[in-house]
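Student: One structure is given below, represented as structure tokens, and several questions about it will come after.
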Amino acid sequence: MKNWAILGTILTVLLMVIAMSPSEKAAPSKPVKVELTAEEKQKAAEEQRKREILKAGEEKQRQEFLQAEKARHDDLINNGVYIDYQIEKIRDNAYKLTAKTNLPSGMKLNVTLTNYYLLRRERGIGDEEMDITIPEHAQINREVKAIAFEKSENVTLVSGEFSAVFSGDRLKSGEYELIILSLVNSLQPATVQSAIGAHGENLFGQGVVTKSGDNQIQLEEIIYLQ
């Protein structure tokens, strides 16, 4: 009997809730509108203005970048590849290469500075003649590797420029080979492939070679470090 009484009470309450008019039901709370002071309004307006100026500046920089990129691309198409570089000594046993080019931003290159091949040639073994299965060649190769300098840096072009720093105890004044190679075209970013062509068909001029049907960058020059 007690359970029936409790159940009856619950049913009575439910019927009362259902019978309530919409106005009697709890109304949802409304957000409280906070009125800003004049000083707060001025500060908010200043912050908004700063954001607008920053956005305008970013858009201006973007447009300038696109214009410069287009100018470099037009030069590449009309005149071919150019890579102007210089190497300066920044401290003992350390040199910095800086370069400007009309190759597209985002293009990936590998830059190597070495005197290994020069030292080997001085000992009478050319690039095509080297065969380490020959005892004499193997000995010369070990001797050269013990004193030669060779270092490679991977770089990505930004706004027609790239740089690399080379350092090491073996890096002294004298003759070196500077080798600049591009990553194979299929592994370049999509924007770079669009600029140079899927097979590098837009590449010609300084340092351009053809390998397996693709035009790539392979610049090799002898330089002298002071």
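Student: Quick check, is Asn185 touching a strand residue (DSSP E or B) at 6+ places or on another chain (Cβ under 8 Å), modelled with pLDDT under 95 and closer than 25 Å to Ser212 by Cα?
Tutor: Criteria met by Asn185.
Student: Would you mind stating whether Lys108 is modelled with pLDDT of 80 or more, within 28 Å of Tyr224 (Cα to Cα) and among the charged types (D, E, K, R)?
Tutor: yes
Student: Go through the stretch 188-226 and give me each residue that's touching a Gly at 6+ places or on another chain (Cβ under 7 Å), among the aliphatic types (A, V, I, L, M) and in a strand (DSSP E or B).
Tutor: Answer for the stretch 188-226, where residues must be touching a Gly at 6+ places or on another chain (Cβ under 7 Å), among the aliphatic types (A, V, I, L, M) and in a strand (DSSP E or B): Ile217, Leu219, Leu225.
Student: Related question: May I ask you to verify whether Lys151 is in a strand (DSSP E or B), at pLDDT 95 or above and over 30 Å from Ala68 (Cβ atoms)? Quick ask: steps written out before the conclusion?
Tutor: Working: in a strand (DSSP E or B): yes; at pLDDT 95 or above: yes; over 30 Å from Ala68 (Cβ atoms): yes.
It is true that Lys151 is in a strand (DSSP E or B), at pLDDT 95 or above and over 30 Å from Ala68 (Cβ atoms).
Student: Something else: Got at least one residue in the stretch 161-180 being at pLDDT below 95, assigned to a helix (DSSP H, G or I) and over 25 Å from the mean Cα position of the chain (by Cα)?
Tutor: no
Student: OK, next. Only one of Ile222, Ile179 is β-branched (Val, Ile, Thr) and exposed (fewer than 12 other Cβ atoms within 10 Å of the Cβ); which?
Tutor: Every option except Ile222 fails the conditions.
Student: Further question on the same structure: Which pairs have Cβ atoms under 8 Å, sit 6 or more apart or on different chains, and link a residue in the stretch 199-226 that is under 29 Å from Phe149 (Cα atoms) to one that is at pLDDT 95 or above and among the basic types (Lys, Arg)?
Tutor: Final answer for the pair search is Leu225/Lys89; Gln226/Lys89.
Student: Please identify the pairs in which a residue from the stretch 163-180 that is more than 15 Å from Ile222 (Cα to Cα) has its Cβ atom under 7 Å from the Cβ atom of a residue that is outside any loop (DSSP other than H, G, I, E, B) and modelled with pLDDT under 95, counting only partners at least 6 apart or on another chain.
Tutor: Arg170/Ile147
The values are calculated or read from the model by the stated rules, or taken from the named source; none is laboratory data. Predicted model only: the values in this text are computed from it and were never measured. FYI the Cβ positions are ideal-geometry reconstructions off the backbone, even for glycines, and counts take in every protein chain you see.
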